[in-house]
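Chemist: Below is one structure. I have some questions about it.
Computed from the coordinates by the stated procedures, all read-outs in this text should not be read as laboratory data. The structure presented is a predicted model; accordingly, all values stated were derived computationally and were not measured. Using ideal geometry, Cβ is built from the backbone for each residue, glycine included, and neighbour counts are taken over all protein chains shown.
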Amino acid sequence: MQQINTQVAIAGAGPVGTVAAYLLAAQGIDVVLLEAGRDCALDLRASTFHPPTLEMLDQFGITEKLIAMGLKAPIYHFRERQTGEVIEFDMSELGDVTRYPYRVQCEQYHLARMLSEGVRELPGTQVLFNHRVLTFEQSPSDVTIYAETPTSIVAIKADFLIAADGANSIVRKWLGTEFDGFTYPEKFLCYTTNEPLERHLPNLAHVNYVSDPKEWMVLLRVPSLWRVLVPAASDQSDEMLLADPKKVDVFDRLLGNGDRVVTGHRTIYRVHQRVAKSFRHNRVLLIGDAAHLNNPIGGFGMNSGIHDAFNLGERLVSIYRHGADADEQLADFDRRRRRTTREFTQAQTIRNLQYLDAGEGGQHALRKREMEETRADPVKRREFLLRQSMIDCLEREKEFA
């Protein structure tokens, strides 16, 4: 059996895993990045980069590349589907606290591919596609990971294993850690289309959260297409949801010409609100979707995972380069990131979806009135923008005792 020795092994070459790999490798730490697929996954779900994430990625010199490939979206809308009313927020108001007072809309795989290619060029690193993590074992001084290739089993001995292997993380499953939370009863159905929605819907922003008691909707523009997200009943079969009649029905009610709309992708997925009981298990660390899951309203999932990667990566650099105490650093990573996840990411994404799907009657009207009051009040509006941009949660994280 082939054995590879390294300092840090990372499972998963999505945006979170590649950020962790690049951060460490750029500091001269040996890294092996393992990915089950033949390339970084072409995942269309995450496409929003928030200001703090852009600030972090600027350390790698790639933020301007993302901006060039993507779309700047300083303005986003909360819209009423039935009346067409728009409550507009403008992130440019945050220009005094960030160099990037806007969201960048760009598919996540662009970041993952850029960074995986960058990691390959750094000394002491290996990027191993077609290497699926099977299991691992820990000792007091190291962890050995066993990965399957198309033709063999490879053993990777490392000081630490970072699990960035997604919602169905095999590493988390082997650890047996509790993954507390719940799964939404409805399915989420996502379409992509080149149909120019902005020609049909007046005053459409790049980012639109469309509230409706019966069927909420998210309309997101990325450079090449529109993404349309709608809920779907759990008792409807996947075959029915992916079929043309469902597509026609969705776009008929949105645009009035569903039969003429051509879609590129039709994707169904279940959405969860879950947090691992611990992000650290001795020499194994969980980050990104392996550690926490949330609904997509607000675009916090990928961003919070990247924030995990930076927090953990900087601590490992301190351990390797500056002799910091590993137990203290990793315990603090676990404590701060879990608290931020529970108190901010989970709470805010749940509130965001509740606004879109507030139910019939008075509850929906109450949430709409609260949003209008927030927009009209300069103090409340700024607090809201700081929360939705994820600036506030990272500032609060620094204050955690």
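Chemist: Can you list the trypsin sites (Lys or Arg not before Pro) in region 55-99 that are in a DSSP coil and have 14 or fewer other beta carbons within 10 angstrom?
Modeler: 99
Chemist: Now for a different question. Give a residue-ordered list of calculated ³J(HN,Hα) values for region 311-324 (Karplus: 6.51 cos²θ - 1.76 cosθ + 1.60, θ = phi - 60°; whole Hz; x for Gly, Pro).
Modeler: Running phi through 6.51 cos²θ - 1.76 cosθ + 1.60 with θ = phi - 60° gives 4, 5, x, 5, 6, 5, 4, 4, 5, 6, 9, 10, x, 5 Hz.
Chemist: 5 Å is the cut-off here: which amide hydrogens, built 1.01 Å from N in the peptide plane, fall below it relative to residue 48, excluding neighbours closer than 5 in sequence?
Modeler: Under 5 Å from the amide H of residue 48 lie the amide H atoms of 106, each far enough along the sequence or on another chain.
Chemist: Which of 8, 133 has the fewest other C-beta atoms within 10 Å, and how do the rest follow up to the most?
Modeler: The most exposed by this proxy come first: 133, 8.
Chemist: Report, by chain and number, residues whose modeled amide H sits under 5 Å from the one on residue 210, excluding near sequence neighbours (fewer than 5 apart, same chain).
Modeler: Residues meeting the amide H criterion: 79, 217, 218, 219.
Chemist: Also, I was wondering about something else. Please go through region 30-96 and write out the GluC sites (Glu not before Pro) that DSSP classes as loop and that have at most 13 other C-beta atoms within 10 Å.
Modeler: 85
Chemist: Report the residue, chosen from 46, 13, 309, that carries the largest GNM mean-square fluctuation when the chain is represented by alpha-carbon nodes joined by springs under 10 Å.
Modeler: 46
Chemist: Amide H neighbours of residue 264 under 5 Å, at least 5 residues apart or on other chains, H built in the peptide plane: list them.
Modeler: For residue 264, the qualifying residues are 192, 193, 194.
Chemist: Here is a follow-up. For region 339-345, what does the Karplus curve 6.51 cos²θ - 1.76 cosθ + 1.60, with θ = phi - 60°, yield as ³J(HN,Hα) per residue in whole Hz, taken in order and with x for Gly and Pro?
Modeler: So the Karplus estimates, Gly and Pro as x, are 5, 4, 4, 6, 7, 10, 4 Hz.
Chemist: Moving on. Quick one: of 214/246; 214/247; 65/173; 72/214; 173/247, which pairs are farther than 25 Å apart, Cα to Cα?
Modeler: 65/173; 72/214; 173/247
Chemist: Enumerate by residue number the GluC sites (Glu not before Pro) in region 303-389 meeting two conditions: DSSP loop (anything except H, G, I, E, B), and at most 15 other Cβ atoms within 10 Å of the site's Cβ.
Modeler: 360
Chemist: In addition: ³J(HN,Hα) across region 83-94 via Karplus (A = 6.51, B = -1.76, C = 1.60, θ = phi - 60°), whole Hz, x for Gly/Pro?
Modeler: Ordered by residue, 3J(HN,Hα) equals 10, x, 4, 10, 10, 9, 10, 10, 6, 4, 4, 9 Hz.
Chemist: Quickly estimate the mean residue ellipticity at 222 nm for the chain, helices only: each DSSP H run with n ≥ 4 gives -39500 (n - 2.57), and the total goes over all residues, rounded to 500.
Modeler: -11000 deg cm²/dmol
Chemist: To the nearest 20 debye, what is the magnitude of the charge dipole of region 1-66 about its Cα centre, counting +1 on the Cβ of each Lys and Arg and -1 on the Cβ of each Asp and Glu?
Modeler: Computed charge dipole of region 1-66: roughly 140 debye.
Chemist: Evaluate the chain: find the radius of gyration of its Cα atoms, find its Kirkwood radius, and give the ratio Rg to Rh.
Modeler: Answer for the chain: 0.97.
Chemist: Only bridges whose two residues both fall in the chain count here: according to DSSP, what percent of them are antiparallel, nearest 5?
Modeler: 70 percent
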